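Have a look at the structure below, then the notes.
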Amino acid sequence: MDHLVTARSMFGLNMGVHIIFATLGVGIPLMILLAEILYYKTKDKDYELMAQRWTKGAAVLLGVAIPTGTIAGVQLALLWPGFMEIVGKVMALPFQIEIYAFFIEALFLSIYVYAADRISRKMRIISLILVAIGALASAVLITNVHAFEGTPAGFRILNGEIVSVDPWAAFFNPSFFVTSGHVAVSAYTTGGFVIASVAAFKMLRARKHNPREYKFHHKALMMGLVIGGIFSFVTALNGHESMQKVYEYQPEKLAAAEGLFETQDHAPLALGGFTDEKEQRVKYGIEFPWMLSFLSGNSFNTVITGLNDFPRDYWPPLFVHTLFNGMVIIGSILILVALVGVVWYKFLKKKSFPKIFMWAFVATGPLAIMGIEFGWIFACTGRQPWVIYRIMRTSEAVTTSANLHILFFLFLLVYIVLVAAVALVLVFYFRRNPLSKELAAQAD
Amino acid sequence: MGDSLLAITVIWGFIFIYAVMGTMDFGAGFWSMVYINRTKTNATDVANRYLSPTWEVTNVFIVAIVVALFSFFPRATFTLGTVLLIPGSIILLLLSIRSGFLVFSHYASSFKYRRALVYISGISGVLIPAFLIAVLPVSQGGFIDIIDGTQRLNLAKVFSSPHVYSFIGFAISSSLFLSSLLLADYSKSSDEMEAYAVYRRDALITGPLSLLMAIFIMITMQSEASWLYDKMMQFKPLLYGSVGLFVVAGIALLLPSQKGKGMPRLAVVSIILQYFLASYVYGRSHLPYVVYPNVTIENGFTHPDAFHSLFIVYIVGFAILFPGFFYFWRLFMKDNKEYSKKKPY
Ligand code: HDD
Ligand code: HEM
Ligand code: HEM
């Protein structure tokens, strides 16, 4: 592998692992908080138990979230020293503020987990609110650095020197709100559906022989579906806005996402299929005429610039079309599944779900995580060849140190071990502390 | 004070806090491994009780140091980032194994291979300070070659340098020393007298060892980084003061008291002051260099406007956070007595 590709793979590998755990680190605390609040309101002990069990799960996940996040932060400086030099001069604020977000999260999560029985119930809820705020803030802030890479602001380059630095203008760069908002709501979507997913799976198991457990998981499932459903809808709305920002600020990314070669108005939206560079079109896809123009600029007359009007070496890789589609299709499926589930139970008042529904619920969690991965890889790979859009190429930012290959394989190995271990520990822990035992203890 | 001096002071402060908290953290992990079989003394329990709530907070300081470094001294980050790719990555790998397995071992308490998890995290934990501290001799100059216009770390030279090894020896011994001292205090204040006896004894062994290593560092520094040695010698009174505080700590551990022998709280305080003095002298003498001889706090400094915004954010941030730290400290460090009997949520 060539040096640059190795560096990119190394960073992408780490982020791809980190994001799973980081997203759950934003999403699950919200679910725990809601369970604690429901317990506070309804006095239904099941919710208290849910909060306890989810906290255990979240604490184990943190064992990977934190080291991979630390790696991300340090690796930025190790692999992309050129990039970090600019970030250090212009865009250091979000990193700085993020430290406080990390502190808040770390302090109050430890308090919640290790001192829960020594603090009042109110203090427990306050701690959880602070954990949720800390997690959300760390996600929003780090995403802001990513937003800055796509829509840089707050400085100029004059004769190769960085001048007129305005750190707050960089902080409030044009895509800050939309992009961070998208990451935040998609994390809540994921938190909700992952809970729903596990609950549905457990219900399938408990269905016949254990009505008490079945009821417990049913409550968790409904919580997950409602929260996941609401946030997936918001995610889609906000995703639409993200797309308009991409149209405005990174037009070649939009063209690549849609496999559009010729500049045109009334441009069609292509769903599915593969972009064929030779034939200059998307093959095997479905076309929705005029829709791309409409979605990008709220009017069918909106002119979309095609790839051919950009220099060839500005083109992002064309496979980003598939990643973008993957995310959008997953988003639509999630909204649909949540809607059907809630209507079936709440409005049609059916007591139980058909098996096929149950398996659809089981699928939502993994789908949401795939949506996160697709979205990020699309956003980061679609920005290529730039690390800072139209200002710094990725190849200019990369480290000059050699021997990345060995490190890449070492990291790969360690991640495999960590991910396998986290899965085993979760399975082991919940097998040793089954719900039945805790429900029985609760009854005493 | 100039802006760049203010900035390096903030970084120095973070490094100092991390040096203390981190060595305690890694050392506690090590002790919890060593005493895993001694169920009667509770020594492992005490170590875990300290570790569980604190490791995450401690870890944030690493991130804080890196962030402060690249936001205040982007030029220095460029050099350090380029040069430290390999050692930095080794640290990251060890850190991820250590943190991961530390958490896993807590949640797999009845698992038959739990012991393996504890050993993995304990051993990777003591290796981390050993690699981390190697950054210090590297920043003293002499290990960076310029090949084809790019900076490269001469790894062969690093791993054959006695100076680097004296730093490594110091890092390991002082991790064990600081952590056993802290755990001694911690177990005494939670009435775990058997554990106290064990950690007091460990502190008495590892303390003199750390002092010896510190002396080794000064000896090797004389030949390998004489510029720094000469400057440090200008602070002789402070260095003697630091040794004096070390002696005070030793006496505090030996003195009789009402309950058990020794006054660990006094020893902890004087050792932290001792490290403070010694690191002050080290840091002060290192100035103005961040990486000798190319990067100084002047030529590596960020944009002054950016610095001002950052500095305000620091002040506001820590003012907001302070009550949180205080609450945390009270819950886990001060009132740990009643906690010792209870299980986590
Ligand atoms: C559960 C996850 C999830 C779901 C269902 C969606 N997204 Fe998304 N999307 C993300 C998770 C995500 C993300 C992982 O959070 C990204 C990656 C980078 C970013 O800023 O957010 C993202 C980026 C992202 C971008 C790229 C922004 C950029 O490159 O700067 C666009 C245009 C959209 N999304 C649009 C959508 C649309 C129209 C959706 C319709 C349903 C959608 N997303 C659903
Ligand atoms: C957490 C989820 C993320 C994932 C899964 C992800 C994924 C990736 C991938 C796959 C690459 C390689 C792209 C390529 O070369 O084709 C990459 C590059 C990069 N990403 Fe992201 N990324 C994430 C978040 C971020 C964030 C939050 C930032 C900003 C701090 C960021 C900054 C970068 C940088 C600097 C590079 C290297 C240069 C480049 O290839 O442009 N990434 N990322
Ligand atoms: C380049 C991109 C990223 C970097 C550099 C980064 C950095 C970090 C670091 C250093 C930690 C450990 C904090 C600690 O020591 O306590 C961490 C954890 C975490 N990160 Fe990431 N992160 C990135 C992407 C993301 C994204 C995209 C999200 C959210 C969607 C996110 C959310 C979190 C969360 C929730 C944690 C959990 C633990 C904690 O905050 O203490 N991170 N990240």
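The condition (being free of Cβ contacts under 8 Å to residues at least 60 places away in the same chain and within 16 Å of ligand 2 (Cβ to nearest atom)) is satisfied by just one residue among A:388, A:330: A:330.
Tell me, yes or no, whether the stretch A:331-345 has at least one residue that is in contact with a strand residue (DSSP E or B) (Cβ under 6 Å, 6 or more places away or on another chain), away from chain B (no Cβ under 14 Å) and within 24 Å of residue A:150 (Cα to Cα). Among the residues of the stretch A:331-345, not one is in contact with a strand residue (DSSP E or B) (Cβ under 6 Å, 6 or more places away or on another chain), away from chain B (no Cβ under 14 Å) and within 24 Å of residue A:150 (Cα to Cα), which makes the answer no.
Residue A:42 falls short of the stated requirement of being within 24 Å of the chain's Cα centre (by Cα) and away from ligand 3 (no atom under 13 Å from the Cβ).
Out of contact with any Asp or Glu (no Cβ under 9 Å at 6 or more places or on another chain) and more than 16 Å from ligand 3 (Cβ to nearest atom) - does that describe any residue in the stretch A:183-195? For the stretch A:183-195, residues out of contact with any Asp or Glu (no Cβ under 9 Å at 6 or more places or on another chain) and more than 16 Å from ligand 3 (Cβ to nearest atom): present. Taken over the stretch B:61-81, residues that are facing chain A (nearest Cβ under 7 Å), over 23 Å from residue B:305 (Cβ atoms) and crowded, with 24+ Cβ neighbours inside 10 Å amount to 1. So is residue A:12 touching a residue at least 24 places away in the same chain (Cβ under 8 Å), within 16 Å of ligand 1 (Cβ to nearest atom) and out of contact with any helix residue (DSSP H, G or I) (no Cβ under 6 Å at 6 or more places or on another chain) or not? Yes. May I ask you to list the residues in the stretch A:410-444 that are within 11 Å of another protein chain (Cβ to nearest Cβ) and surrounded by fewer than 13 Cβ atoms within 10 Å (Cβ to Cβ)? Scanning the stretch A:410-444 gives A:413, A:420, A:423, A:427, A:431. Within the stretch A:312-325, is even one residue acidic (Asp, Glu) and within 16 Å of ligand 3 (Cβ to nearest atom)? No, every residue in the stretch A:312-325 fails to be acidic (Asp, Glu) and within 16 Å of ligand 3 (Cβ to nearest atom).
In the stretch A:205-228 there is at least one residue matching the filter, namely being over 22 Å from residue A:140 (Cβ atoms) and within 14 Å of ligand 1 (Cβ to nearest atom). For the stretch B:82-117, residues that are assigned to a helix (DSSP H, G or I), more than 7 Å from chain A (Cβ to nearest Cβ) and hydroxyl-bearing (Ser, Thr, Tyr) total 1. Kindly indicate which of A:157, A:119, A:126, A:97 is away from ligand 3 (no atom under 11 Å from the Cβ) and away from chain B (no Cβ under 12 Å). Exactly one of A:157, A:119, A:126, A:97 is away from ligand 3 (no atom under 11 Å from the Cβ) and away from chain B (no Cβ under 12 Å), namely A:157.
Quick test of your reading of the structure: residue A:69 fulfils all but one of (1) within 11 Å of chain B (Cβ to nearest Cβ); (2) out of contact with any helix residue (DSSP H, G or I) (no Cβ under 9 Å at 6 or more places or on another chain). Name the failing condition by number. All conditions are met except number (2). Of the residues making up the stretch B:201-257, those that are β-branched (Val, Ile, Thr) and in contact with a helix residue (DSSP H, G or I) (Cβ under 8 Å, 6 or more places away or on another chain) number 6. Among the residues of the stretch B:214-230, is there at least one that is out of contact with any Pro (no Cβ under 9 Å at 6 or more places or on another chain), among the hydroxyl-bearing types (Ser, Thr, Tyr) and farther than 27 Å from residue B:144 by Cα? Taking every residue of the stretch B:214-230 in turn, none turns out to be out of contact with any Pro (no Cβ under 9 Å at 6 or more places or on another chain), among the hydroxyl-bearing types (Ser, Thr, Tyr) and farther than 27 Å from residue B:144 by Cα. Screening the stretch B:217-318 for helices (runs of 4 or more DSSP H) wholly inside it with 1 or more residues that are exposed (fewer than 15 other Cβ atoms within 10 Å of the Cβ), among the aliphatic types (A, V, I, L, M) and under 24 Å from the mean Cα position of the chain (by Cα) returns the ranges B:226-233, B:236-254.
Considering the stretch B:128-137, and only residues there that are buried (at least 21 other Cβ atoms within 10 Å of the Cβ) and within 14 Å of chain A (Cβ to nearest Cβ), the residue that is modelled with the highest pLDDT turns out to be B:128.
When you check residue A:24 against the structure, is it within 10 Å of ligand 3 (Cβ to nearest atom) and either out of contact with any Pro (no Cβ under 9 Å at 6 or more places or on another chain) or among the acidic types (Asp, Glu) (or both), yes or no? Yes. Which condition number does residue A:63 fail, the rest of (1) within 12 Å of chain B (Cβ to nearest Cβ); (2) crowded, with 22+ Cβ neighbours inside 10 Å; (3) within 16 Å of ligand 2 (Cβ to nearest atom) being met? So residue A:63 meets the others, but not (3).
In the stretch A:381-393, the qualifying residues are those that are surrounded by fewer than 19 Cβ atoms within 10 Å (Cβ to Cβ) and not in a loop (DSSP other than H, G, I, E, B), and the one that is nearest to ligand 1 (Cβ to nearest atom) is A:381.
In the stretch A:68-124, the qualifying residues are those that are away from ligand 1 (no atom under 16 Å from the Cβ) and outside any helix (DSSP H, G or I), and the one that is surrounded by the fewest Cβ atoms within 10 Å (Cβ to Cβ) is A:120. Residue A:360 passes all but one of (1) within 16 Å of ligand 3 (Cβ to nearest atom); (2) assigned to a helix (DSSP H, G or I); which number fails? Single failed check for residue A:360: (1). Just to be sure, is residue A:173 assigned to a loop (DSSP other than H, G, I, E, B), within 14 Å of ligand 1 (Cβ to nearest atom) and crowded, with 20+ Cβ neighbours inside 10 Å? Yes; evaluated as a whole, the condition is true for this residue.
The values are calculated or read from the model by the stated rules, or taken from the named source; none is laboratory data. These figures come from a predicted structure and were not determined experimentally. Counting neighbours? That spans all protein chains shown, and the Cβs are built from the backbone with ideal geometry, glycine included.
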